[in-house]
1. Would you list which aspartates and glutamates come within 19 Å of residue 469, measuring only between C-alpha atoms, while excluding same-chain residues fewer than 8 positions from it?
2. At a 1.4 Å probe radius, carbon and sulfur cover how many percent of the accessible area of region 547-595?
3. So what is the accessible area of the chain per residue, in Å², with the probe set to 1.4 Å?
4. Treat every Asp and Glu Cβ in the chain as -1 and every Lys and Arg Cβ as +1, leave all other atoms uncharged, and give the resulting dipole magnitude about the Cα centre to the nearest 20 debye.
5. Around residue 418, what is the net charge, scoring Lys/Arg as +1 and Asp/Glu as -1 over all other residues with Cβ under 13 Å from its Cβ?
6. Any chance you could get the radius of gyration and Dmax over the Cα atoms of region 564-882, in Å?
7. Could you grab the Rg to Rh ratio for region 378-423? Cα atoms only, Kirkwood for Rh.
8. Counting each DSSP H run of 4 or more residues in the chain as -39500 (n - 2.57), what helix-only mean residue ellipticity at 222 nm follows after dividing by all residues, to the nearest 500 deg cm²/dmol?
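The values are calculated or read from the model by the stated rules, or taken from the named source; none is laboratory data. On a predicted model such as this, the values are computed, not experimentally measured, just so you know. Don't worry about glycine lacking a Cβ; one is built from the backbone with ideal geometry, like all the others, and counts go over all protein chains shown. In case anyone asks, the SASA skips ligands and DNA or RNA and just uses the protein heavy atoms, side chains included. Shrake-Rupley method; radii C 1.70, N 1.55, O 1.52, S 1.80 Å.
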Amino acid sequence: MDIARTPATPDGNPEMADAAVEPHAPALIRRKDYAPYPWTVVATHLDFDLGLDKTRVEAKLTLERNPAAEPSPTIRLNGEGLAPLEVRCDGEPSNSHTMDGDDLIVTLPGDAHELTIVTELDPAGNSQLMGLFASNGMLCTQCEAEGFRRITFFPDRPDVLSVYTVRMRAPKAQFPVLLANGNCTAEGEEGEHHWAEWHDPWPKPSYLFALVAGDLVARSDSFTTMGGREVALNIFVRDGDLDRTEHAMESLKRAMAWDEQIFGREYDLDIYNIVAVSDFNMGAMENKGLNVFNTKYVLADIDTATDGDFDAVEGVIAHEYFHNWSGNRVTCRDWFQLSLKEGFTVLRDQLFSQDMGSAPVKRIGDVRVLRSVQFPEDSGPLAHPIRPDSYQEISNFYTSTIYNKGAEVIRMMRTMAGEEAFRKGSDLYFERHDGEAATCEDFVKAIEDGAGLDLGQFRLWYSQAGTPKVTVKLSHEGETATLTLSQEVPPTPGQPDKQPMPIPLKIALFDRTSGTHRGEQLVVLNGASETLTFEGFEAPPVLSVNRGFSAPVRIERDIPRDDLTFLAAKDDDPFARYEAMQDLVVGHLGDVIGGGLDTEDRDVGREAIRTALAAVLADGRIDDQMRGELMMLPSETYLMEQALVADPGAIHAERETLKAWLGQELGEELVGLHQRASEGPGTLDAAAQGARKIKTLALTYLAAADQQRASDMAAAQYDGATTMTDRQGALMVLAGLETAERTAKLLDFYNRYRGNDLVIDKWFALQASSLHPQALAHVKALREHEDFTLRNPNRARSLYMAFAGNPQAFYAASGEGYRLIADLILELDPINSQTAARFVPALGRWRRIEPGRAALMRGELERIAGASQLSRDTFEQVSRSLG
Ligand code: TRP
Ligand code: ZN
């Protein structure tokens with residue numbers, strides 16, 4: 001990485017840290033400024049008079065001075081866009097309150113007070129989907145991270161825990177269901193209205209508050225915990241969606257049982273409610289006893305959801321459930337500790353999914369996500385440690401680094417400790433910090449003490465950003481194999497110099513004649529460089545390294561192609577085998593794109609890949625799910641990430657050329673595979689899922705080689721499909737072709753699923769991410785489609801995220817792709833700034849792209865930066881991206 005070009009960002013450059021320097025720049029919040037809140041909110045009573053465009057909120061806060069904090073004569077309550085209609089202190093109208101920006105300041109002379117505040121909201125007008133908002137005629141809340149301040153004035157920070165009692169009153173016919181956290185303690189009717197009171201016995205921060213009111217129906221079930229508590233389970237959806245909730249319910253019960261068995265965690269209320277909403281900024285939210293979910297992660301049946309969708313539902317249901325301990329019972333002291341709950345909970349949901357299905361396939365998939373999303377983030381202008389030091393807008397820090405790298409960091413601790421010792425550490429963590437707002441340091445300390453590990457130097461993983469590069473060399477002399485490992489953590493914004501971090505690497509040395517090894521070992525690279533020797537090798541062994549992806553690092557191995565071919569065929573670690581396949585292709589495409597390769601050398605490289613892929617297609621020892629993994633070519637994003645400065649046009653062209661050549665060379669085998677896989681049943685078992693996976697993968701190779709043949713096969717697959725996986729897979733392939741079947745099947749799909757939002761999202765996404773040369777023009781046309789709207793985040797993402805992830809279209813040499821995304825950001829920002837800001841990183845990659853395109857990308861970022869009235873979310877992402 002080019003150090004000289006490392007941008008000075010607000011977090012890196014102390015001069016820029018003061019908001020006063022740049023009047024446009026919002027204040028920087030710093031981790032080191034943490035101070036406990038001067039007041040404790042012993043109890044919070046909320047009274048809602050609900051209506052779609054007018055809701056009145058009366059909040060009663062029972063306050064006591066916090067003896068652990070600096071005393072203050074006032075209390076600062078956060079608000080956002082609120083006006084205090086009434087403020088009463090101990091029952092008397094207050095005459096001492098003032099506003100400071102959006103915050104309410106009240107003078108409090110004594111040690112204990114009761115403060116009552118009335119606010120009024122317009123949920124229907126809330127397009128940001130933070131706070132209380134309307135979605136399809138229902139009302140619901142989203143408070144993490146700072147949405148509660150859009151409902152009432154409150155110390156809206158995660159270390160202020162309070163016991164909530166919520167009363168809701170609403171027109172009965174319009175909102176027959178009224179829900180909040182905890183248990184329903186009373187309900188009644190008043191003419192056309194009804195009311196319900198809910199009480200949550202567990203103290204919680206405001207970000208875990210939730211309320212739902214609407215015309216909903218529930219799938220109900222129950223779960224008996226290990227302690228014998230019977231928990232009522234309900235999944236609330238719109239009438240008509242009920243028959244698509246079975247998988248979510250089964251997943252929930254499996255997650256509850258798994259968390260008891262594997263982590264010893266039992267549920268702690270009598271009721272667990274899940275509500276699905278169609279307008280939602282993210283996947284789901286773990287509100288105590290009342291999870292709110294994006295419909296995308298609840299609704300699934302075989303006709304409308306793919307196998308991948310089923311897995312995602314299971315994973316997200318589990319994730320939110322696991323938060324009940326890792327997040328709710330033990331929460332975060334401040335938002336810099338976000339990875340404390342998110343990294344740990346992602347690890348927990350990954351381990352759960354590994355246990356529910358194929359562990360190696362799940363691991364490979366998780367690594368693929370990490371490398372295609374988190375690695376680029378970590379090598380770009382938005383790189384940040386898993387525990388950041390500063391931010392302007394916390395919503396921007398719900399990143400792949402916090403979530404996925406955070407999970408990898410904890411997974412490394414588990415790998416070093418071993419499962420049993422790690423469990424002792426996690427037990428100690430929950431025991432020590434139950435009911436508290438904790439820090440990442442508390443977590444590390446608990447694992448250290450409970451597992452008996454020294455994590456002194458390991459803590460650097462929390463403070464240093466950037467993906468370490470580990471260089472691996474193996475030499476052989478006499479009977480000794482010598483392994484040299486060295487590491488380098490690249491500079492990132494604000495962090496020019498890095499220290500070496502402990503890197504646990506699982507390795508094995510293979511005997512190349514027998515094809516076996518003497519056992520896997522774990523080596524931990526602590527220093528900048530280390531040398532290890534292994535005795536008793538008459539011939540040079542083949543090294544398999546970072547098995548199971550034991551560390552989230554980039555490996556640079558000086559390995560002969562023959563050794564990669566060996567590992568691709570023989571490695572008994574499925575991840576390492578996958579990795580060898582990937583490296584074969586990455587190495588070859590790197591050589592081809594780098595130029596200077598003569599035809600003969602190119603053919604040798606191609607031939608090695610063809611042989612390896614042919615062996616994968618024919619290998620009787622692996623299941624089809626694993627076969628599918630081994631068949632996947634490295635993504636263009638991943639290939640771009642391998643280059644210091646990437647040429648997306650060349651990468652796309654060469655990858656397609658290779659795919660076409662493989663499709664040509666292995667045509668018979670691929671057709672045979674497609675045929676064999678087409679005989680599988682339309683069921684959800686692993687074998688049937690595996691067959692569907694390789695079926696569509698086979699088509700992608702064939703499509704590159706012979707459009708018409710692939711088009712006919714895809715059309716037949718489409719027509720015969722009894723599952724969404726087969727139908728969508730076929731349509732995905734067709735969408736990239738220029739055949740008559742393309743148009744026919746796209747139209748059929750639309751008509752068939754019209755009215756089913758989640759499936760129509762797929763229809764938009766398929767076209768926006770297609771290999772079709774006119775994909776960009778298609779996106780422009782789809783923007784005008786009657787079913788398109790920017791107000792629904794799923795729909796906005798289905799078109800534009802898919803487009804931003806379509807390298808050929810997004811990186812069009814003309815720069816039109818960048819303009820399209822910049823226009824979208826500007827248009828979406830005033831409607832939903834959180835969602836708009838998530839499109840910025842695509843443009844932020846400019847430094848790593850060839851100069852012609854880089855200038856165009858930068859130009860679009862500058863155009864956004866020049867707009868008036870940018871949200872804090874988008875402003876921060878754009879200014880950091882410009883550096
Ligand atoms: N905490 C949630 C999770 O990881 C995600 C989340 C954070 C979220 N902020 C949000 C969801 C805003 C919706 C809107 O499970
Ligand atoms: Zn989470």
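1. Once the sequence-local aspartates and glutamates are set aside, what remains near residue 469 is 2, 377, 378, 408, 488, 497, 530, 556, 558, 579, 583, 641.
2. Percent of accessible area from carbon and sulfur atoms in region 547-595: 47.
3. Dividing the accessible area of the chain by its residue count gives 37 Å².
4. 840
5. Spelling it out: positives minus negatives among the neighbours equals +3.
6. In Å, with Rg to one decimal and Dmax whole: 20.6, 61.
7. 1.11
8. -12500 deg cm²/dmol
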